[in-house]
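Below: the structure, in structure tokens.
The values are calculated or read from the model by the stated rules, or taken from the named source; none is laboratory data. Please read all numbers here as calculations on a predicted model, not as lab measurements. Positions of Cβ are generated from backbone atoms using ideal geometry, with glycine treated the same way; all protein chains shown enter the neighbour counts. The protein model used for the area step is the full one, side chains on, heavy atoms only, and it has no ligands, DNA or RNA in it. Shrake-Rupley method; radii C 1.70, N 1.55, O 1.52, S 1.80 Å.
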Amino acid sequence: MNSIIAIIIGALVLFFPGFLLSFLVFPDPKRFDFWERIGTSLGLSALIDMLIITILAQPSLRALTFTGFLGSILAFCGACAVFLILRKQSRQTFMNFWTRSQPSD
């Protein structure tokens with residue numbers, strides 16, 4: 001049970017923030033293929049995690065705890081999801097991400 005929770009939290013922290021942000025920053029579906037989008041998501045997630053840790057570690061905040069960090073990641077993912085829904089071009093790219101394009105004959 002603990003390993004399943006660790007996998008879910010790891011995916012939440014190391015993948016989802018960058019995955020959602022990649023659709024906002026790069027909305028063109030022809031810009032990246034599947035693996036490039038996954039690699040970009042991991043890099044953006046690492047960048048977002050470091051930025052959130054830097055902000056939470058400020059001496060005036062004293063908020064660098066696990067729950068504070070996880071809550072900040074969830075808030076960031078929620079904000080990205082709202083912007084993704086509101087932006088039509090990004091939403092279409094997100095919805096079409098999992099469908100495979102058929103080769104033209």
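Observations on the structure shown:
- Residues of the stretch 55-105 satisfying the condition of being modelled with pLDDT of 90 or more and under 20 Å from PHE34 (Cβ atoms): CYS80
- Hits in the stretch 23-79 (condition: among the charged types (D, E, K, R) and more than 18 Å from ILE8 (Cα to Cα)): ASP28, LYS30, ARG31, ASP33, GLU36, ARG37, ARG62
- Every pair of residues 6+ apart whose Cβ atoms lie under 7 Å, when the first sits in the stretch 38-54 and is small (Gly, Ala, Ser) while the second is surrounded by 14 or more Cβ atoms within 10 Å (Cβ to Cβ) and in a helix (DSSP H, G or I): SER41/GLY18; SER41/PHE19; SER41/SER22; GLY43/GLY18; SER45/LEU14; SER45/PRO17; SER45/GLY18
- Of all residue pairs spaced 6 or more apart or on separate chains, those with beta-carbon atoms under 7 Å, a first member in the stretch 67-80 that is more than 19 Å from VAL25 (Cα to Cα) and a second member that is open to solvent by less than 40 Å² (accessible area, probe 1.4 Å) are GLY68/LEU56; PHE69/ILE52; PHE69/LEU56; SER72/ILE52; SER72/LEU56.
- Summed over the stretch 8-25, the residues that are without any contact (Cβ under 8 Å) to a residue 24 or more places away in the chain and over 9 Å from the mean Cα position of the chain (by Cα) give a count of 4.
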